[in-house]
Amino acid sequence: MTRPTIHDVARVAGVSLSTVDRVLNDREGVREKTRSRVLEAIGNLGFERNLAAANLSRKRRYRLCFILPEGENSFMRALEADLAEEAAAVLRDFTVIETRKVPAFDAGALADLLRSLDPEAVDGVAMVATDATVVRIAVRELRARGIAVVTLVSDLPGPEKQGFVGIDNVQAGRTAGSLLGRFCRGRNGRIALVSGSMLVRDHAERRLGFEQVLRTEFPDQTPLAPIEGRDDKDRVRAQLSAQLAEYPDIIGVYSMGAGNRGVAEALADLPPGRDVAVVVHELTPYSREALLDGTFDAVLHQNSRREVQGAIALLRGLLDDQTPPPSVEPIRVEIYMRDNLP
């Protein structure tokens, strides 16, 4: 079936092409009665506006800025690589993407960068958020200057941002709790928690979900206060090694962020026969090897390419004033063990 065109709308409404164009672009110079007739024709025909063609006709460009944390976080570097490939692909759709980086978990640096963005050069921002008041205020100011803002991977609570693209992190934490609880079933002991920082929403939500499951379904397993390793493997190794030495009854480790190499190195120092189950996040080349050699028991993963694509689509929809904004396909929590590695 042939899709209706702007010519069909003009014919059915009994108006010129220029009048239809004015209505589609919400420009002045059209009487309300005529506007209603055009809108009625659009509805009856099932006309769907070709945004790419409309953007070409009015030389519309999408100028997007993605803000990612610096550092050796393997997942973030994979996301950055996906973003570079997607940025090259969407150039044909009049979308220009730049990537900016700030120190990981540094709310002040993130807020300063947001405040520095020029609405004459940037239309929309997607950022890995740090949950802090200064960031929320900076986002509010950015919105007031006409720049669209969405969060990516780690959310920012409150009405300031216009959308979030990422997994349900409470659900991810509950999944980790269910897995680790079963791996350690029948054993009394403590569970070590390794985070990057509790200032980021994704780690805080993962902890919430994890502890909900442990406390209700596996009360014999006691979660310890989280280690904050700042996604640095050496810091993680030092802090986790100290905790393993202090609590010889640790039977499981849940790593909520990066620094998983440090987790593996700390476990490698344990004496033979001390069995510790491990669940971590993100399937990277290193965590894959740790699954294969039995150091890790399970890896929870999120598809970074789909997150990048979803953030681009959401920002473009917001900038096109689509009401409601386009729905982003939910990012699923994927579970990998040694026997189902892709």
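Just give me the residues in region 3-27 being small (Gly, Ala, Ser), modelled with pLDDT of 80 or more and open to solvent by 40 Å² or more (accessible area, probe 1.4 Å), in sequence order. Within region 3-27, Gly14, Ser16 qualify.
For Met198, the conditions (1) surrounded by fewer than 20 Cβ atoms within 10 Å (Cβ to Cβ); (2) hydrophobic (A, V, I, L, M, F, W, C); (3) within 25 Å of the chain's Cα centre (by Cα); (4) not in a loop (DSSP other than H, G, I, E, B) all hold with the exception of (4). Against the conditions (1) under 12 Å from Met127 (Cα atoms); (2) not in a strand (DSSP E or B), Arg92 satisfies every one except (1).
Name the single residue that is least open to solvent (accessible area, probe 1.4 Å) among those in region 264-282 being part of a loop (DSSP other than H, G, I, E, B) and not charged (D, E, K, R). Looking at residues that are part of a loop (DSSP other than H, G, I, E, B) and not charged (D, E, K, R), I get Val276.
One line per residue, one yes/no per condition, for (1) touching a helix residue (DSSP H, G or I) at 6+ places or on another chain (Cβ under 6 Å); (2) on the phi > 0 side of the Ramachandran plot:
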position	(1), (2)
Pro69	yes, no
Leu79	yes, no
Ala89	no, no
Phe105	no, yes
Glu120	no, no
Arg143	no, no
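Is it the case, given these coordinates, that Leu224 is in contact with a helix residue (DSSP H, G or I) (Cβ under 8 Å, 6 or more places away or on another chain), open to solvent by 60 Å² or more (accessible area, probe 1.4 Å) and of a type in the set (A, V, I, L, M)? For Leu224, the condition - in contact with a helix residue (DSSP H, G or I) (Cβ under 8 Å, 6 or more places away or on another chain), open to solvent by 60 Å² or more (accessible area, probe 1.4 Å) and of a type in the set (A, V, I, L, M) - is not met. Among the residues making up region 290-309, those that are open to solvent by 10 Å² or more (accessible area, probe 1.4 Å) and within 29 Å of Phe66 (Cβ to Cβ) are His301, Asn303, Ser304, Arg305, Arg306, Gln309.
The values are calculated or read from the model by the stated rules, or taken from the named source; none is laboratory data. Only a predicted model underlies this, so the values are computations on that prediction, with no experimental measurement involved. Neighbour counts run over all protein chains shown; Cβ positions are idealised from the backbone, glycine included. SASA here: full protein model, heavy atoms, side chains in, ligands and nucleic acids out. Shrake-Rupley method; radii C 1.70, N 1.55, O 1.52, S 1.80 Å.
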